[in-house]
Amino acid sequence: TSFCFLESDEKDTGIMSNYHKPTPVQIGICEKYQSKIIPYSENEMVAVALESIGKQPIYGTRIQKKNDNNVTWFFHCGEYSDDEGFYKPIHVIHLRDFIPEVENYLCLDYGFKIIVDANGYEDVWRDV
């Protein structure tokens, strides 16, 4: 039984021409965690705590876009900080240059959180 549903949040046209086509691994992760597949646009931004890159583990949270904000994921490595400026926006296509370990999780539905590390640890859940 598959629990995957391919959805676009493109409301006006339904055209997904600038959307990343989910990879088989991304689809498999969505199936494993009973998540809709939410493709991401190449223009979407993610927020990354760049100063934390290289620390372990890696934490991620996917959020629904709000108004003019097109950030859909927040990522930090190691300890969280509530300092202003902790997160920096980058285009999602550049994420693989900083933390490639999270690329396979990018199509998870809004509300999902992940914790992964370089040793293969994986914890994925959805806040309801």
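What to note about this one:
- The number of residues in the stretch 44-67 that are in contact with a Phe, Trp or Tyr (Cβ under 8 Å, 6 or more places away or on another chain), farther than 18 Å from residue 85 by Cβ and small (Gly, Ala, Ser) comes to 1.
- Any chance residue 101 is charged (D, E, K, R), open to solvent by 50 Å² or more (accessible area, probe 1.4 Å) and in contact with a helix residue (DSSP H, G or I) (Cβ under 8 Å, 6 or more places away or on another chain): no
Per-residue answers, yes or no, for (1) in contact with a Gly (Cβ under 8 Å, 6 or more places away or on another chain); (2) touching a residue at least 24 places away in the same chain (Cβ under 8 Å); (3) open to solvent by 80 Å² or more (accessible area, probe 1.4 Å):
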| site | (1), (2), (3) |
| --- | --- |
| 26 | no, yes, no |
| 34 | no, yes, yes |
| 46 | no, yes, no |
| 51 | no, yes, yes |
| 59 | no, yes, no |
| 65 | no, yes, no |
| 77 | yes, yes, no |
| 89 | no, yes, yes |
| 93 | no, yes, no |
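- Selection within the stretch 26-50 - at pLDDT 95 or above and of a type in the set (D, E, K, R): 31, 32, 36
The values are calculated or read from the model by the stated rules, or taken from the named source; none is laboratory data. It should be emphasised that the depicted structure is a prediction, and the values quoted were computed from it without experimental measurement. Quick reminder, even Gly has a Cβ in these numbers, built from the backbone with ideal geometry, and neighbours come from all protein chains shown. When the accessible area is computed, the model is the full protein with side chains, heavy atoms only, and any ligands, DNA or RNA have been set aside. Shrake-Rupley method; radii C 1.70, N 1.55, O 1.52, S 1.80 Å.
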